[in-house]
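This report refers to the structure that appears directly beneath it.
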Amino acid sequence: MADLLFEIGAEEIPAGFVPPALEQLERDLAKALDDARLGHGEVRAVGTPRRLAVWARDVAAKQADARTEAFGPPVAQAYDSEGKPTPAALGFARSQGVDVSALERKQTPKGERVAVTKIEKGRRAEQVLPALLERLVAGIRFRKSMRSRWDEVTFARPVRWLVALLGGRPLKVRFGEVVSGKVTYGHRFKAPRAIRLTGSPEDYSAKLRKAFVVVDPAERRALVEKEVAKAAKAAGGRVLENPGLVDEVTNLVEIPTAIAGEFEKQNLELPPEVVVSEMRNHQRYFAVVDGAGKLRNR
(Lines give C-alpha, C1' and ligand atoms only; values in the text may rest on other atoms or scores of the structure.)
Protein backbone atom coordinates (compact mmCIF):
# COMPACT_ATOMS: atom_id res chain seq x y z
CA MET A 1 0.00 0.00 0.00
CA ALA A 2 1.12 3.56 -0.73
CA ASP A 3 -0.18 7.12 -0.50
CA LEU A 4 -1.45 8.77 -3.68
CA LEU A 5 -0.94 12.55 -4.06
CA PHE A 6 -2.42 14.52 -6.95
CA GLU A 7 -2.15 18.30 -7.36
CA ILE A 8 -3.44 20.61 -10.09
CA GLY A 9 -1.55 23.91 -10.18
CA ALA A 10 -3.23 26.78 -11.98
CA GLU A 11 -3.52 30.52 -12.39
CA GLU A 12 -5.60 32.04 -9.59
CA ILE A 13 -8.97 30.29 -9.49
CA PRO A 14 -11.97 32.46 -8.48
CA ALA A 15 -12.64 32.16 -4.75
CA GLY A 16 -16.18 30.84 -5.17
CA PHE A 17 -14.96 28.04 -7.45
CA VAL A 18 -12.50 26.53 -4.97
CA PRO A 19 -14.75 24.90 -2.29
CA PRO A 20 -17.08 23.05 -4.73
CA ALA A 21 -14.08 21.89 -6.79
CA LEU A 22 -12.43 20.43 -3.68
CA GLU A 23 -15.66 18.70 -2.65
CA GLN A 24 -15.94 17.20 -6.12
CA LEU A 25 -12.31 16.07 -6.19
CA GLU A 26 -12.66 14.29 -2.84
CA ARG A 27 -15.92 12.61 -3.77
CA ASP A 28 -14.89 11.64 -7.30
CA LEU A 29 -11.48 10.22 -6.39
CA ALA A 30 -12.99 7.98 -3.70
CA LYS A 31 -15.61 6.72 -6.16
CA ALA A 32 -13.07 6.25 -8.96
CA LEU A 33 -10.80 4.16 -6.73
CA ASP A 34 -13.75 2.06 -5.59
CA ASP A 35 -14.94 1.55 -9.16
CA ALA A 36 -11.40 0.59 -10.18
CA ARG A 37 -11.30 -2.02 -7.40
CA LEU A 38 -8.36 -0.31 -5.71
CA GLY A 39 -8.60 -0.47 -1.94
CA HIS A 40 -7.71 2.73 -0.08
CA GLY A 41 -7.89 4.65 3.18
CA GLU A 42 -8.78 8.29 3.82
CA VAL A 43 -9.40 10.51 0.79
CA ARG A 44 -9.03 14.25 1.40
CA ALA A 45 -8.89 17.35 -0.78
CA VAL A 46 -7.17 20.63 0.13
CA GLY A 47 -6.38 23.71 -1.89
CA THR A 48 -5.80 27.42 -2.41
CA PRO A 49 -6.51 29.81 -5.29
CA ARG A 50 -3.44 28.42 -7.11
CA ARG A 51 -3.84 24.71 -6.46
CA LEU A 52 -6.40 21.96 -6.04
CA ALA A 53 -4.98 18.86 -4.41
CA VAL A 54 -6.30 15.51 -3.25
CA TRP A 55 -4.71 12.50 -1.62
CA ALA A 56 -5.71 8.94 -0.86
CA ARG A 57 -3.92 7.03 1.86
CA ASP A 58 -2.93 3.35 1.70
CA VAL A 59 -3.87 2.71 -1.93
CA ALA A 60 -3.63 -1.00 -2.75
CA ALA A 61 -0.70 -2.05 -4.92
CA LYS A 62 -3.01 -4.00 -7.21
CA GLN A 63 -6.65 -4.15 -8.21
CA ALA A 64 -8.79 -6.89 -6.71
CA ASP A 65 -9.66 -9.60 -9.22
CA ALA A 66 -13.16 -9.25 -10.65
CA ARG A 67 -15.50 -12.21 -11.05
CA THR A 68 -18.38 -11.70 -13.45
CA GLU A 69 -21.17 -13.93 -14.71
CA ALA A 70 -23.00 -13.56 -18.00
CA PHE A 71 -26.23 -15.44 -18.62
CA GLY A 72 -27.36 -16.72 -21.99
CA PRO A 73 -30.40 -18.59 -23.33
CA PRO A 74 -32.35 -21.22 -21.37
CA VAL A 75 -30.72 -24.66 -21.32
CA ALA A 76 -33.69 -26.07 -23.26
CA GLN A 77 -32.87 -23.71 -26.13
CA ALA A 78 -29.10 -24.07 -25.83
CA TYR A 79 -28.96 -27.84 -26.39
CA ASP A 80 -30.90 -30.16 -28.67
CA SER A 81 -32.42 -33.54 -27.71
CA GLU A 82 -29.02 -35.20 -28.12
CA GLY A 83 -27.32 -32.70 -25.83
CA LYS A 84 -25.48 -30.94 -28.63
CA PRO A 85 -25.16 -27.13 -28.55
CA THR A 86 -27.61 -25.26 -30.73
CA PRO A 87 -26.89 -22.10 -32.73
CA ALA A 88 -28.20 -20.14 -29.69
CA ALA A 89 -25.49 -21.66 -27.47
CA LEU A 90 -22.81 -21.25 -30.10
CA GLY A 91 -23.75 -17.60 -30.64
CA PHE A 92 -23.74 -16.86 -26.91
CA ALA A 93 -20.32 -18.50 -26.48
CA ARG A 94 -18.94 -16.53 -29.40
CA SER A 95 -20.31 -13.26 -28.00
CA GLN A 96 -18.50 -13.96 -24.71
CA GLY A 97 -15.23 -14.86 -26.40
CA VAL A 98 -15.14 -18.43 -25.06
CA ASP A 99 -15.43 -21.92 -26.50
CA VAL A 100 -18.86 -23.50 -26.23
CA SER A 101 -17.35 -26.16 -23.94
CA ALA A 102 -16.81 -23.42 -21.31
CA LEU A 103 -20.55 -22.84 -20.91
CA GLU A 104 -22.00 -23.71 -17.50
CA ARG A 105 -25.55 -24.40 -16.36
CA LYS A 106 -26.87 -22.03 -13.70
CA GLN A 107 -30.19 -21.97 -11.89
CA THR A 108 -31.85 -18.53 -12.01
CA PRO A 109 -35.26 -17.14 -11.04
CA LYS A 110 -36.15 -17.55 -14.71
CA GLY A 111 -35.11 -21.19 -14.79
CA GLU A 112 -31.92 -22.98 -15.77
CA ARG A 113 -29.77 -21.02 -18.21
CA VAL A 114 -26.33 -21.33 -19.74
CA ALA A 115 -23.74 -18.98 -18.29
CA VAL A 116 -20.11 -17.94 -18.52
CA THR A 117 -17.99 -17.08 -15.48
CA LYS A 118 -15.04 -14.78 -16.11
CA ILE A 119 -12.19 -13.81 -13.81
CA GLU A 120 -10.55 -10.49 -14.68
CA LYS A 121 -7.10 -10.34 -13.13
CA GLY A 122 -6.35 -7.09 -11.36
CA ARG A 123 -3.69 -4.77 -12.77
CA ARG A 124 -1.07 -2.90 -10.77
CA ALA A 125 -2.12 0.47 -9.36
CA GLU A 126 0.47 2.41 -11.37
CA GLN A 127 -1.05 0.98 -14.56
CA VAL A 128 -4.59 1.99 -13.60
CA LEU A 129 -4.09 5.39 -11.96
CA PRO A 130 -2.81 7.62 -14.80
CA ALA A 131 -5.99 7.28 -16.89
CA LEU A 132 -8.10 7.47 -13.73
CA LEU A 133 -6.47 10.79 -12.72
CA GLU A 134 -6.78 12.21 -16.23
CA ARG A 135 -10.52 11.54 -16.12
CA LEU A 136 -10.64 13.05 -12.62
CA VAL A 137 -9.18 16.42 -13.61
CA ALA A 138 -11.16 16.54 -16.85
CA GLY A 139 -14.35 15.84 -14.91
CA ILE A 140 -14.16 18.86 -12.58
CA ARG A 141 -17.05 21.18 -13.38
CA PHE A 142 -16.94 24.95 -12.84
CA ARG A 143 -19.63 27.59 -13.34
CA LYS A 144 -17.39 29.02 -16.05
CA SER A 145 -14.35 27.48 -17.72
CA MET A 146 -11.81 28.74 -20.20
CA ARG A 147 -9.51 27.39 -22.88
CA SER A 148 -5.92 28.63 -22.83
CA ARG A 149 -3.62 28.98 -25.84
CA TRP A 150 -3.63 25.85 -27.98
CA ASP A 151 -5.08 23.52 -25.36
CA GLU A 152 -8.20 21.62 -26.32
CA VAL A 153 -9.07 21.12 -22.64
CA THR A 154 -10.92 23.62 -20.47
CA PHE A 155 -10.50 24.54 -16.80
CA ALA A 156 -11.46 27.39 -14.49
CA ARG A 157 -8.08 29.02 -15.21
CA PRO A 158 -5.04 27.86 -17.21
CA VAL A 159 -3.37 24.80 -15.66
CA ARG A 160 0.38 25.35 -15.18
CA TRP A 161 1.62 22.19 -13.47
CA LEU A 162 0.52 18.76 -12.25
CA VAL A 163 1.87 16.51 -9.50
CA ALA A 164 0.98 12.81 -9.49
CA LEU A 165 2.85 10.57 -7.05
CA LEU A 166 2.15 7.08 -5.76
CA GLY A 167 4.37 6.19 -2.83
CA GLY A 168 6.74 8.91 -4.03
CA ARG A 169 6.98 7.42 -7.52
CA PRO A 170 5.81 9.68 -10.37
CA LEU A 171 2.82 8.73 -12.49
CA LYS A 172 2.56 10.11 -16.02
CA VAL A 173 -0.64 12.14 -16.18
CA ARG A 174 -1.41 14.56 -19.01
CA PHE A 175 -3.98 17.35 -19.15
CA GLY A 176 -3.81 19.33 -22.35
CA GLU A 177 -0.19 20.37 -22.82
CA VAL A 178 0.77 19.84 -19.16
CA VAL A 179 2.44 16.60 -18.04
CA SER A 180 2.77 15.71 -14.37
CA GLY A 181 6.01 15.76 -12.41
CA LYS A 182 7.32 15.66 -8.84
CA VAL A 183 7.49 19.38 -8.11
CA THR A 184 5.05 21.97 -6.83
CA TYR A 185 5.49 25.72 -6.31
CA GLY A 186 5.17 27.94 -3.27
CA HIS A 187 3.76 31.44 -2.88
CA ARG A 188 3.86 33.34 -6.18
CA PHE A 189 6.02 36.18 -4.75
CA LYS A 190 7.52 34.90 -1.50
CA ALA A 191 8.67 31.43 -2.65
CA PRO A 192 8.18 30.94 -6.40
CA ARG A 193 10.85 28.28 -6.90
CA ALA A 194 10.11 24.60 -7.56
CA ILE A 195 9.66 22.34 -4.51
CA ARG A 196 10.45 18.65 -4.85
CA LEU A 197 7.94 16.35 -3.11
CA THR A 198 8.23 12.87 -1.61
CA GLY A 199 4.54 12.09 -2.06
CA SER A 200 3.24 11.93 1.51
CA PRO A 201 0.47 14.34 2.59
CA GLU A 202 2.58 15.42 5.58
CA ASP A 203 5.57 16.28 3.39
CA TYR A 204 3.31 18.14 0.96
CA SER A 205 1.68 20.32 3.63
CA ALA A 206 4.92 20.98 5.53
CA LYS A 207 6.97 22.01 2.50
CA LEU A 208 4.22 24.33 1.26
CA ARG A 209 3.96 25.91 4.70
CA LYS A 210 7.68 26.72 4.55
CA ALA A 211 6.98 28.25 1.14
CA PHE A 212 4.27 30.57 2.60
CA VAL A 213 1.29 28.48 1.52
CA VAL A 214 -1.29 27.21 4.02
CA VAL A 215 -2.90 24.51 1.91
CA ASP A 216 -5.62 23.40 4.34
CA PRO A 217 -8.67 25.70 3.86
CA ALA A 218 -9.92 25.16 7.42
CA GLU A 219 -6.56 26.14 8.88
CA ARG A 220 -6.31 29.11 6.52
CA ARG A 221 -9.79 30.28 7.52
CA ALA A 222 -8.82 30.21 11.19
CA LEU A 223 -5.75 32.28 10.37
CA VAL A 224 -7.88 34.84 8.49
CA GLU A 225 -10.09 35.26 11.56
CA LYS A 226 -7.08 35.53 13.87
CA GLU A 227 -5.30 38.05 11.64
CA VAL A 228 -8.26 40.38 11.13
CA ALA A 229 -9.14 40.27 14.83
CA LYS A 230 -5.57 41.24 15.73
CA ALA A 231 -5.48 44.07 13.16
CA ALA A 232 -8.87 45.39 14.26
CA LYS A 233 -7.76 45.43 17.89
CA ALA A 234 -4.64 47.38 16.93
CA ALA A 235 -6.94 49.82 15.14
CA GLY A 236 -8.90 50.38 18.36
CA GLY A 237 -11.97 48.23 17.69
CA ARG A 238 -13.23 44.84 16.69
CA VAL A 239 -14.26 43.23 13.41
CA LEU A 240 -17.89 43.43 12.36
CA GLU A 241 -18.76 39.75 11.94
CA ASN A 242 -19.12 38.62 8.34
CA PRO A 243 -18.69 34.82 7.91
CA GLY A 244 -19.34 35.03 4.16
CA LEU A 245 -16.47 37.47 3.70
CA VAL A 246 -14.21 35.24 5.81
CA ASP A 247 -15.03 32.33 3.50
CA GLU A 248 -14.29 34.40 0.41
CA VAL A 249 -11.02 35.87 1.66
CA THR A 250 -9.89 32.39 2.73
CA ASN A 251 -9.96 31.38 -0.92
CA LEU A 252 -8.44 34.61 -2.22
CA VAL A 253 -5.08 34.12 -0.50
CA GLU A 254 -2.51 31.39 0.09
CA ILE A 255 -1.32 32.86 3.39
CA PRO A 256 -3.38 35.54 5.16
CA THR A 257 -1.88 38.77 6.47
CA ALA A 258 -4.25 41.47 7.77
CA ILE A 259 -3.43 45.19 7.61
CA ALA A 260 -5.47 47.91 9.31
CA GLY A 261 -6.45 50.72 6.94
CA GLU A 262 -8.19 54.05 7.33
CA PHE A 263 -10.66 56.08 5.28
CA GLU A 264 -11.92 59.67 5.55
CA LYS A 265 -14.12 60.23 8.60
CA GLN A 266 -16.69 62.18 6.61
CA ASN A 267 -17.72 58.92 4.94
CA LEU A 268 -19.23 57.86 8.26
CA GLU A 269 -22.01 60.38 7.55
CA LEU A 270 -23.36 57.82 5.08
CA PRO A 271 -25.64 55.05 6.38
CA PRO A 272 -23.42 52.35 7.95
CA GLU A 273 -25.01 49.68 5.74
CA VAL A 274 -23.80 51.54 2.63
CA VAL A 275 -20.24 51.92 3.92
CA VAL A 276 -20.00 48.27 4.99
CA SER A 277 -21.53 47.04 1.73
CA GLU A 278 -19.07 49.04 -0.38
CA MET A 279 -16.08 47.83 1.60
CA ARG A 280 -17.22 44.23 1.54
CA ASN A 281 -18.40 43.97 -2.08
CA HIS A 282 -15.79 46.11 -3.82
CA GLN A 283 -12.64 45.83 -1.71
CA ARG A 284 -13.26 42.67 0.33
CA TYR A 285 -12.46 44.76 3.42
CA PHE A 286 -13.58 43.90 6.94
CA ALA A 287 -15.44 46.71 8.72
CA VAL A 288 -14.26 47.75 12.19
CA VAL A 289 -16.66 48.84 14.96
CA ASP A 290 -16.07 50.19 18.47
CA GLY A 291 -17.16 48.61 21.75
CA ALA A 292 -20.71 49.90 21.30
CA GLY A 293 -20.95 48.45 17.79
CA LYS A 294 -20.60 51.86 16.08
CA LEU A 295 -18.77 51.87 12.74
CA ARG A 296 -15.29 53.34 12.77
CA ASN A 297 -13.33 54.77 9.82
CA ARG A 298 -10.96 51.78 9.95
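The values are calculated or read from the model by the stated rules, or taken from the named source; none is laboratory data. Quick caveat: nothing in here was measured; it's all calculated off a predicted structure. Don't worry about glycine lacking a Cβ; one is built from the backbone with ideal geometry, like all the others, and counts go over all protein chains shown. Side chains are part of the model used for accessible areas, which takes the heavy atoms of the whole protein and leaves out ligands, DNA and RNA. Shrake-Rupley method; radii C 1.70, N 1.55, O 1.52, S 1.80 Å.
Can you give the alpha-carbon Rg of the chain over 2.2 N^0.38 Å, where N counts its residues?
Relative to the 2.2 N^0.38 Å estimate, the chain comes out at 1.48.
Take the Cβ-Cβ distance between Ala138 and Lys230 as r, set R0 to 35 Å, and report the resulting FRET efficiency rounded to the nearest 0.05.
Efficiency for this residue pair is about 0.25.
Can you tell me which of Thr108, Thr48, Thr250 moves the most in a GNM of the chain? Springs connect C-alpha atoms under 10 Å apart.
Result: Thr108 has the largest fluctuation of those listed.
When you count, for each residue, the other Cβ atoms within 10 Å and take the mean per peptide, how do 165-173, 149-157 rank with the highest first?
Highest mean packing first, the order is 165-173, 149-157.
Please tell me the relative contact order of the chain in percent, rounded to the nearest whole number, where contacts are Cα pairs under 8 Å and at least six residues apart.
Dividing the mean separation by the residue count of the chain yields 18 percent.
Starting from the Kirkwood radius over alpha-carbon pairs of the range 84-177, derive D by Stokes-Einstein at 25 °C in a medium of 0.890 mPa s and give it in µm² s⁻¹.
Once the numbers are plugged in, D ends up at 136 µm²/s.
Can you work out the accessible area per residue across the range 172-280, with the rest of the protein chains kept in place, probe 1.4 Å, in square angstrom?
On a per-residue basis, 59 Å².
Give the carbon-plus-sulfur fraction of the accessible surface of the chain in %, rounded to a whole number; probe 1.4 Å, heavy atoms of protein chains only.
It is 51 percent, rounded to a whole number.
Would you give the gap between the C-alpha center of the range 12-71 and the C-alpha center of the range 120-146, rounded to a whole Å?
9
Which residue, Ala194, Ala53, Ala70, tops the fluctuation ranking in a GNM of the chain built on C-alpha contacts under 10 Å?
Taking springs between Cα atoms under 10 Å, the residue moving most is Ala70.
If you bin every alpha carbon distance in the range 140-231 into 10 Å steps from zero, what whole percent lands in each bin?
For the range 140-231, the binned pair fractions read 14, 33, 38, 13, 2 percent.
Ordering Thr257, Thr86, Thr68 by accessible area with a probe of 1.4 Å, largest first, what comes out?
Final ranking, largest accessible area leading: Thr257, Thr68, Thr86.
Counting alpha carbon pairs within less than 8 Å and at least 6 residues apart, what relative contact order, in whole percent, applies to the range 150-298?
Relative contact order comes out at 16 percent.
Give, in nm to one decimal, the length gained when the segment between Asp80 and Glu269 is fully stretched (0.36 nm per residue of separation minus the Cα-Cα distance).
Result for the pair: 58.2 nm of gain on full extension.
Between Gly122, Gly199, Gly72, which gets the highest mean-square fluctuation from a Gaussian network model of the chain, Cα cutoff 10 Å?
Highest fluctuation of the listed residues: Gly72.
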